[in-house]
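Everything on this sheet refers to the single structure shown next.
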Amino acid sequence: MTKPEIGITISFQRHAALGETWDRVYAEALELAAEADRLGIRSIWVSEHHGEEDGYCPSPVVAGAALSHAAPNCLISQGIAIAPLYGHPLRLAEDLAVLDNLSGGRAQIGLGQGYRPEEFAAYGWNYKRRTRSFDETLDILNLAWTGERFDYDGDIHKVEGGLLRPAPVRPGKPPLWLGAAAPVSRARAIRHRAGLLIAPLIELEHAARQFADYDATSEAEGAGLLPHALMREIMIGDSFEEAVEAHSDALDLVYRQQYAPSRTGLTRKDPETGERIPLTLDDPYYLSREFMSARWFVGAPEQVADGINQWQQRFGLQHLIWQPKPPGLPLDRAVRSLERMAKEVMPRLA
């Protein structure tokens, strides 16, 4: 078992109540990427949503092109891009190929099918057909990355004499990662020999079960062991309390608005009945120390490293991804977190 590679994610959200502007957010993201590159961070992932008041990045491939120049040694990934909203899959393949060439072959592909109906409504897309569109997108991407002309006749997407140019820097497609929480989604990822990407709100115990199922199924189907990536909140401070306090503005924006339980479908176990019940904003458990400890790594560097090491034994994790600068956190504090990760946490990883 090897140490997990550490990557960062950037969402480009602004905290308007604290005076952040979108142009400042983008400029500071490039500065942060340069610092991450300097400190030996392995990858940068850009997430995607649409129509959000905080400006959550709607275009991770375009943002990735700028980040590839700010961080010339980092892999550039989407974590994740909402594949059905890109229109025709061949256009998505072309955008990714341009990113791959601009970055000198450092592009990775991270895709999902989306889960917010309002985003599809804004694009005039039929939300109920997103799974079919996603499957056809993956089919077309696989054909496009061969570098040969191809035809495709799907229910939604069709191609006549398609040819992907420019070709990727290295023969074959860049590494593929899929967001896959449900068993059917994990089965899709295995069919496409993709890495499994798990989001920050899933409990670590549940993530362990998902990884174990993924490993067992991929082995049974002859795919071998496929890569894992775990996205987590990591808050580094002098103590648990100090770390949470420093991130309080970001936590309110991200987890009481952007990822409020009503938008994510979060549940918790009822202590009296043992049944899963919907989690609400006013539930004392939500964003409590118990809630965070079941999902995230928070505290002094040695606490964070101990937590990662504990779960590394369960996961056999190759990649751990975190957001050092959530909206509202000052850039200097985010850079300090990066430095503490590189100098005080990463050397302690087993």
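The values are calculated or read from the model by the stated rules, or taken from the named source; none is laboratory data. Only a predicted model underlies this, so the values are computations on that prediction, with no experimental measurement involved. Here the Cβ is made from the backbone with ideal geometry for all residues, glycine too, and neighbour counts use every protein chain on show. Accessible surface is based on the protein model in full, side chains and every heavy atom, while ligands, DNA and RNA are left aside. Shrake-Rupley method; radii C 1.70, N 1.55, O 1.52, S 1.80 Å.
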*Under a point-charge model restricted to the Cβ atoms of Lys and Arg (+1) and Asp and Glu (-1), what is the dipole moment magnitude of the chain relative to its Cα centre, in debye to the nearest 20?*
860
*In µm²/s, what is D for the stretch 280-350 at 25 °C and 0.890 mPa s, where D = kT/(6 pi eta Rh) by Stokes-Einstein and Rh is the Kirkwood radius from Cα pairs?*
180
_So if the hydrodynamic radius of the chain is defined as the Kirkwood radius over C-alpha pairs, what does Stokes-Einstein give as its diffusion coefficient at 37 °C and 0.692 mPa s, in µm² per second?_
157
*Roughly what percent of Cα-Cα pairs across the stretch 1-114 reach past 22 Å?*
33
*Read phi for every residue in the stretch 225-230 and hand back ³J(HN,Hα) as whole Hz from Karplus 6.51 cos²θ - 1.76 cosθ + 1.60, θ = phi - 60°, with x for Gly and Pro.*
7, 9, x, 10, 9, 10
*Base-10 log of normalised Debye intensity for the stretch 177-300 (one unit scatterer per alpha-carbon) at q = 0.13 Å⁻¹*: -0.63
*From the C-alpha gyration tensor of the stretch 98-188, square roots of 5λ in Å*: 25, 17, 13
*So what's the net charge close to W22: Lys and Arg +1, Asp and Glu -1, counting the other residues with Cβ under 13 Å from its Cβ?*
-4
*With θ set to phi - 60°, apply the Karplus curve 6.51 cos²θ - 1.76 cosθ + 1.60 along the stretch 232-248 and write out the HN-Hα couplings as whole Hz, x wherever there is a Gly or Pro.*
9, 7, 10, 10, 9, x, 7, 7, 4, 5, 5, 5, 5, 4, 5, 9, 4
_Please compute the volume of the convex hull spanned by the alpha-carbon atoms of the stretch 65-108 and report it per residue in Å³._
64
*Among DSSP beta bridges lying fully in the chain, give the percent that are antiparallel, nearest 5.*
15
*For the stretch 335-347, take each phi angle, set θ = phi - 60°, evaluate the Karplus expression 6.51 cos²θ - 1.76 cosθ + 1.60, and give the result in whole Hz per residue in order, putting x for glycine and proline.*
5, 4, 5, 4, 5, 5, 4, 5, 9, 10, 9, 4, x
*the stretch 165-304 - charge dipole about Cα centre, Lys and Arg +1 at Cβ, Asp and Glu -1, debye rounded to 20*: 1240
*Can you tell me the 0 to 90 degree angle between the C-alpha axis of helix 60-70 and the longest principal axis of the chain, rounded to 10?*
70
*Compare the Cα positions of Y115, G161, L102 along the charge dipole of the stretch 92-196 (+1 at Cβ of Lys, Arg; -1 at Cβ of Asp, Glu; about the Cα centre) and return the one farthest towards the positive end.*
Y115
*Can you find, among G224, L201, A212, the residue farthest towards the positive end of the dipole of the stretch 168-229? Put +1 on the C-beta of Lys and Arg, -1 on that of Asp and Glu.*
G224
_Along the charge dipole of the chain, pointing to its positive end and built from +1/-1 on Cβ of Lys, Arg, Asp and Glu, which listed residue (N73, P171, Y86) has its Cα farthest out?_
P171
*Heavy-atom accessible area per residue, the stretch 84-155, 1.4 Å probe: how many Å²?*
44
*What are the residues whose amide H is under 5 Å from the amide H of E20, where those residues sit 5 or more places off or on another chain and H is modelled from the backbone?*
H15
*How far is helix 22-38 tilted off the main Cα axis of the chain, in degrees rounded to 10, range 0 to 90?*
90
*Taking amide H positions as placed in the peptide plane 1.01 Å from N, state which residues far from V298 in sequence (5 or more) or on other chains have amide H under 5 Å from it.*
M235
*Could you list the trypsin sites (Lys or Arg not before Pro) in the stretch 137-199 that lie in coil according to DSSP, counting only those with at most 16 other Cβ atoms within 10 Å of their Cβ?*
R149, R193
*In the stretch 212-350, what percent of the accessible surface is made up of carbon and sulfur (1.4 Å probe, ligands and nucleic acids excluded)?*
49
*Taking only the alpha-carbon positions of the stretch 226-350 and ignoring solvent, what does the Debye formula give for the base-10 log of I(q)/I(0) at q = 0.16 Å⁻¹?*
-0.87
*Where the only charges are on Cβ atoms (+1 Lys, Arg; -1 Asp, Glu), what is the dipole of the stretch 222-349 about its Cα centre, to the nearest 20 debye?*
560
_Percent breakdown of C-alpha pair distances by 5 Å bin, ordered from the shortest bin, for the stretch 1-45_ = 5, 20, 24, 19, 14, 9, 5, 2, 1
*What value, in deg cm²/dmol to 500, does the helix sum -39500 (n - 2.57) over DSSP H runs of n ≥ 4 give at 222 nm once divided by the residues of the chain?*
-11500 deg cm²/dmol
*Give the angle, between 0 and 90 degrees and rounded to the nearest 10, that separates the Cα long axis of helix 301-315 from the longest principal axis of the Cα atoms of the chain.*
50
*Jot down the radius of gyration and Dmax of the stretch 144-198, Cα atoms only, both in angstrom.*
13.8, 36
